[in-house]
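One structure is given here, and the rest of the page talks about it.
The values are calculated or read from the model by the stated rules, or taken from the named source; none is laboratory data. Just so we're clear, the structure is a prediction, and the values are computed from it rather than from any experiment. Note that we place each Cβ from the backbone using ideal geometry, even for glycine, and neighbour counts take in every protein chain shown.
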């Protein structure tokens with residue numbers, strides 16, 4: 001598979017980034033097959049960021065943020081969107097140059113544009129993770145996030161990962177000069193069946209927003225949260241960090257759905273976040289134990 | 001004399017940390033130099049988004065050897081003492097020490113030589129120690145290393161007297177150390193390859209050629225002048241913003257100001273919203289038209305010289321601003337579909353403080369308090385006060401304030417105007433957080449005054465009640481600012497507000513008194529004058545208190561005041577001296593002197609002058625005519641002067657006479673002290 005010289009549509013953007021990061025020595029992985037809030041939740045980031053083994057990987061991750069749904073009416077917000085994530089562990093000394101190379105690859109000419117690294121400290125309360133880095137701007141528009149992981153699952157990392165996240169829709173809107181996500185060309189406009197992002201996803205945004213805000217069965221979701229939490233703990237006792245981490249991901253997404261339905265009060269909210277964080281921490285610790293054994 | 005140049009190149013350093021880090025680096029290196037016995041003439045530090053640099057001038061090329069003598073124990077002292085001496089001096093055995101007769105016996109001496117040697121040998125240690133100690137607000141590790149820095153460190157220039165210092169900084173893990181070198185890099189996009197530098201002047205020049213302006217002051221100048229020029233070219237004026245200028249200068253190594261245009265469709269959104277959105281999200285400078293209204297041009301500062309002259313950069317920034325402002329316009333349009341009043345229930349979901357309940361509860365308290373305060377504010381319509389207090393916090397649950405918290409109050413005002421609420425109510429909602437600082441505008445409309453006072457008074461009283469009082473260094477709820485705000489509103493509007501009617505805590509009243517003193521000191525009022533009035537105690541009406549202070553200050557500035565103060569001092573000194581000798585005296589000299597014992601005319605004159613003063617004083621104080629009260633004192637001066645000239649107070653053979661005269665002096669003192677405690681005035 002070879003990527004075109006300069007992407008002209010959403011899927012070419014993905015192909016170009018995959019091609020570029022493959023060239024940088026990254027594994028090209030596929031999305032994690034569960035609902036999650038961001039690419040960071042993928043085991044290829046959360047778990048692989050821990051332990052002493054080097055790890056270079058890149059992948060697209062569909063990300064769901066139920067609260068961000070706008071019934072397809074806001075041209076810039078989605079409850080389901082795509083992140084492209086590259087993780088390089090240990091972070092190489094030239095990681096910023098490599099990142100800038102990816103911008104050249106997708107057609108951002110640094111001789112014409114103003115690229116800036118603006119301070120942005122990243123923290124995920126549910127993952128017990130934080131890092132320092134930047135929001136990368138191109139002509140005032142955020143096009144990526146860059147983070148050096150310092151802690152994951154409450155554990156200080158042995159080796160620092162450099163994590164680069166591209167919000168693909170936002171980046172594509174910038175590259176292809178579109179005011180609405182839904183106008184983005186998904187494939188090439190000269191394709192046999194040219195389709196826009198809206199052709200593919202508008203109905204999904206409308207229906208999923210209705211589900212997230214109006215129809216999700218909250219009683220059932222509360223039960224699912226409790227079940228996932230219980231299952232996670234049970235599997236941890238069996239020393240199965242990967243299956244137990246999946247239950248943690250499930251609990252996290254269930255919480256996000258409940259949050260969108262507005263059935264979690266301000267005070268309860270904090271306690272739910274802490275419950276998910278406790279699961280994440282325990283999973284990370286269990287996974288780290290398996291890494292130490294292997295090393 | 002030689003020059004030391006240090007540059008620490010890293011990935012992009014947050015703007016807010018740069019200036020402080022440069023200063024810290026300078027301080028730490030200078031301290032290290034001093035500790036190593038190295039003197040220098042000057043040290044200057046610089047910061048850009050990618051580097052900290054330091055140049056130290058006038059260092060000696062080498063330090064001379066310094067020999068130091070240490071006296072040890074007496075020859076023949078117990079072995080323990082000898083061993084202790086050897087260890088302390090770093091000697092292996094007594095062979096390395098010498099015996100010397102001091103005249104008081106023979107002692108061991110150690111002659112220690114502190115090796116001087118080349119300065120270049122001492123500098124690497126100073127650099128390493130300074131880098132270890134540099135206190136970044138947040139720091140991180142990277143790669144497989146263990147070293148902590150603000151962002152990954154890339155290279156170090158360390159030159160002394162034009163030569164590279166031998167040394168390196170270990171990064172830990174499997175990472176190669178960073179060796180001291182004479183090469184750096186220029187601008188990330190406008191320069192390629194490495195720059196070899198030989199000294200500070202060369203470094204500055206090569207950086208400039210490589211599109212890096214080292215000095216942030218120069219970057220600021222370029223930005224400001226460039227932005228003003230661009231604005232002028234479009235017949236608008238730059239809206240000055242020093243905080244933004246500082247920040248932007250920390251985001252660019254090669255500033256290139258560019259002029260952009262705001263899409264006209266957004267100009268009906270309140271200007272405050274446009275300005276905040278441009279500043280906080282995008283760091284753009286706003287511009288104004290000749291009438292002061294917001295203009296449709298903005299200035300963005302790029303960090304690149306683009307091939308197309310910045311056209312693409314300007315267009316890109318205009319585009320992102322358009323999307324930011326459509327967000328703002330979206331909130332503006334959406335928020336206006338809901339009245340402030342119908343938002344009130346939502347305040348129940350916002351916790352104000354864990355111990356103080358929700359915003360809804362706070363609103364309830366403020367409304368009650370505002371009603372009570374309104375009775376003391378002439379012209380405040382009770383119904384409007386209640387309405388404004390009730391709605392003051394409603395904008396906290398609007399979309400716009402959720403997005404831009406700094407627009408609280410401002411948006412409430414706009415929405416209230418939109419709802420056609422009474423103008424006084426809208427203004428009070430907008431003004432109720434004011435004044436935010438000593439230079440902020442102070443509310444002056446009656447309804448605004450009542451609500452603004454209630455907002456602050458509730459914060460003070462509430463936080464006080466749960467023990468959240470400010471300490472010397474910590475004031476997380478900005479209670480000092482609240483107290484100062486109350487003082488300003490009350491004083492500037494001359495509101496006769498008896499503060500003690502609103503709280504009981506004595507230490508809260510003292511807190512007000514302290515703030516008032518600080519504020520008056522800043523205004524140039526003599527601290528002893530303030531103390532003299534405060535010492536009277538029991539005053540909770542700030543307007544009356546200040547009137548007294550002002551009258552006293554101006555009285556003391558007059559000739560009569562100065563002389564009377566001298567007379568007061570003499571009277572008080574004599575009484576005090578006698579009271580010291582005779583502990584029971586104070587009780588015996590209370591009250592008016594016995595007329596039968598007034599033997600000299602001078603005594604009688606003082607008594608009648610005092611009587612005249614008291615006749616004026618009472619009504620004057622009651623009418624709060626403090627200047628009048630002080631003026632009445634002027635009549636005391638001549639009789640008292642004559643009294644001291646002619647009358648002997650301590651008549652040894654007539655104890656009754658002595659006591660009566662002391663009574664008279666005491667009366668002078670108490671009469672004057674009823675206006676202010678004159679004993680606190682420093683002559």
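Is one or more of the residues making up segment B:132-145 more than 14 Å from chain A (Cβ to nearest Cβ) and outside any loop (DSSP other than H, G, I, E, B)?
Start the filter on segment B:132-145 by keeping residues that are more than 14 Å from chain A (Cβ to nearest Cβ), which leaves B:132-135.
Filter again for outside any loop (DSSP other than H, G, I, E, B), leaving B:132-133.
Yes: segment B:132-145 contains one or more residues that are more than 14 Å from chain A (Cβ to nearest Cβ) and outside any loop (DSSP other than H, G, I, E, B).
Yes/no matrix, rows are residues, columns are (1) under 30 Å from residue A:114 (Cα atoms); (2) out of contact with any strand residue (DSSP E or B) (no Cβ under 8 Å at 6 or more places or on another chain):
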residue	(1), (2)
B:318	yes, no
B:325	yes, yes
B:330	yes, yes
B:337	no, yes
B:342	no, yes
B:361	no, no
B:365	no, yes
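For the residues A:183, A:169, A:205, the requirement of being farther than 30 Å from residue A:291 by Cβ, within 21 Å of the chain's Cα centre (by Cα), within 14 Å of chain B (Cβ to nearest Cβ) and modelled with pLDDT of 95 or more singles out A:169.
If you go through segment B:198-232 and keep only what is closer than 18 Å to residue B:22 by Cβ and in contact with a helix residue (DSSP H, G or I) (Cβ under 7 Å, 6 or more places away or on another chain), you end up with B:213, B:214, B:216, B:219, B:220.
Within segment A:54-78, restricting attention to residues that are crowded, with 22+ Cβ neighbours inside 10 Å and without any contact (Cβ under 8 Å) to a residue 40 or more places away in the chain, the residue that is nearest to the other protein chains (Cβ to nearest Cβ) is A:63.
Residue-wise test of (1) touching a strand residue (DSSP E or B) at 6+ places or on another chain (Cβ under 7 Å); (2) farther than 23 Å from residue A:276 by Cβ; (3) buried (at least 21 other Cβ atoms within 10 Å of the Cβ).
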{"position": "A:85", "(1), (2), (3)": "yes, no, yes"}
{"position": "A:107", "(1), (2), (3)": "no, yes, no"}
{"position": "A:110", "(1), (2), (3)": "no, yes, no"}
{"position": "A:130", "(1), (2), (3)": "yes, no, no"}
{"position": "A:134", "(1), (2), (3)": "yes, yes, yes"}
{"position": "A:139", "(1), (2), (3)": "no, yes, yes"}
{"position": "A:147", "(1), (2), (3)": "yes, no, yes"}
{"position": "A:151", "(1), (2), (3)": "yes, no, no"}
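The residue of segment B:146-161 that is nearest to residue A:50 (Cα to Cα), among those that are touching a helix residue (DSSP H, G or I) at 6+ places or on another chain (Cβ under 9 Å) and outside any loop (DSSP other than H, G, I, E, B), is B:149.
Do we find that residue B:88 is surrounded by 11 or more Cβ atoms within 10 Å (Cβ to Cβ) and under 40 Å from the mean Cα position of the chain (by Cα) in this structure? It is false that residue B:88 is surrounded by 11 or more Cβ atoms within 10 Å (Cβ to Cβ) and under 40 Å from the mean Cα position of the chain (by Cα).
Every residue, every condition in (1) at pLDDT 85 or above; (2) farther than 30 Å from residue B:526 by Cα; (3) assigned to a helix (DSSP H, G or I), yes or no:
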| position | (1), (2), (3) |
| --- | --- |
| B:568 | yes, no, yes |
| B:572 | yes, no, yes |
| B:586 | no, yes, yes |
| B:604 | yes, yes, yes |
| B:649 | no, yes, no |
| B:652 | no, yes, no |
| B:666 | yes, no, yes |
| B:683 | no, no, no |
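If you go through segment A:138-155 and keep only what is more than 19 Å from residue B:149 (Cβ to Cβ) and within 9 Å of another protein chain (Cβ to nearest Cβ), you end up with A:138, A:139, A:140, A:141, A:142. Across segment B:518-530, what is the total count of residues that are surrounded by 13 or more Cβ atoms within 10 Å (Cβ to Cβ) and under 19 Å from residue B:483 (Cβ atoms)? Of the residues in segment B:518-530, 6 are surrounded by 13 or more Cβ atoms within 10 Å (Cβ to Cβ) and under 19 Å from residue B:483 (Cβ atoms). Within segment B:370-401, restricting attention to residues that are farther than 19 Å from residue B:458 by Cα and without any contact (Cβ under 8 Å) to a residue 40 or more places away in the chain, the residue that is surrounded by the fewest Cβ atoms within 10 Å (Cβ to Cβ) is B:383.
Quick grid of which residues meet (1) touching a strand residue (DSSP E or B) at 6+ places or on another chain (Cβ under 7 Å); (2) over 30 Å from residue B:76 (Cβ atoms):
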{"site": "B:90", "(1), (2)": "no, no"}
{"site": "B:102", "(1), (2)": "no, no"}
{"site": "B:118", "(1), (2)": "yes, yes"}
{"site": "B:123", "(1), (2)": "yes, yes"}
{"site": "B:132", "(1), (2)": "no, yes"}
{"site": "B:142", "(1), (2)": "yes, yes"}
{"site": "B:150", "(1), (2)": "yes, yes"}
{"site": "B:153", "(1), (2)": "yes, yes"}
{"site": "B:163", "(1), (2)": "no, yes"}
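Return a yes/no flag: does segment B:2-14 have any residue that is loosely packed, with under 15 Cβ neighbours inside 10 Å and away from chain A (no Cβ under 14 Å). Scanning segment B:2-14 turns up no residue that is loosely packed, with under 15 Cβ neighbours inside 10 Å and away from chain A (no Cβ under 14 Å).
With segment B:264-367 as the region, which strands (runs of 3 or more DSSP E) entirely inside it contain at least 1 residues that are touching a helix residue (DSSP H, G or I) at 6+ places or on another chain (Cβ under 6 Å), more than 12 Å from chain A (Cβ to nearest Cβ) and modelled with pLDDT of 90 or more? Can you show your working first?
Working: elements: B:285-288, B:294-302, B:351-353.
Correct list: B:285-288, B:294-302.
Within segment B:532-547, not a single residue is over 24 Å from residue B:629 (Cα atoms) and part of a loop (DSSP other than H, G, I, E, B). Taking the criterion of being buried (at least 17 other Cβ atoms within 10 Å of the Cβ) and part of a loop (DSSP other than H, G, I, E, B), the residues of segment A:1-23 that qualify are A:3, A:7, A:8, A:9.
Do the conditions hold for residue A:158, that is, is it closer than 26 Å to residue A:252 by Cβ, at pLDDT below 95 and either more than 10 Å from every other protein chain (Cβ to nearest Cβ) or surrounded by fewer than 22 Cβ atoms within 10 Å (Cβ to Cβ) (or both)?
Values: closer than 26 Å to residue A:252 by Cβ: yes; at pLDDT below 95: yes; either more than 10 Å from every other protein chain (Cβ to nearest Cβ) or surrounded by fewer than 22 Cβ atoms within 10 Å (Cβ to Cβ) (or both): yes.
Here the answer is yes, as residue A:158 does meet what is asked.
Each row is one residue, and each column tells you yes or no for (1) surrounded by fewer than 21 Cβ atoms within 10 Å (Cβ to Cβ); (2) away from chain B (no Cβ under 14 Å); (3) within 25 Å of residue A:45 (Cα to Cα).
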residue	(1), (2), (3)
A:209	no, yes, no
A:253	no, yes, yes
A:268	yes, no, no
A:276	no, yes, yes
A:281	yes, yes, yes
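Consider residue B:406 carefully, then state whether it is under 25 Å from residue B:278 (Cα atoms), assigned by TED's automatic domain parsing to the domain that holds residue B:350 and surrounded by fewer than 22 Cβ atoms within 10 Å (Cβ to Cβ).
Values: under 25 Å from residue B:278 (Cα atoms): yes; assigned by TED's automatic domain parsing to the domain that holds residue B:350: yes; surrounded by fewer than 22 Cβ atoms within 10 Å (Cβ to Cβ): yes.
When the stated conditions are applied, residue B:406 passes them.
Here residue A:81 clears all of (1) within 22 Å of residue A:179 (Cβ to Cβ); (2) more than 13 Å from every other protein chain (Cβ to nearest Cβ); (3) buried (at least 22 other Cβ atoms within 10 Å of the Cβ); (4) in contact with a strand residue (DSSP E or B) (Cβ under 8 Å, 6 or more places away or on another chain) except the condition numbered (3). Taking segment B:317-367 as the range and being without any contact (Cβ under 8 Å) to a residue 60 or more places away in the chain and farther than 30 Å from residue A:269 by Cβ as the test, the residues that pass are B:317, B:318, B:319, B:320, B:322.
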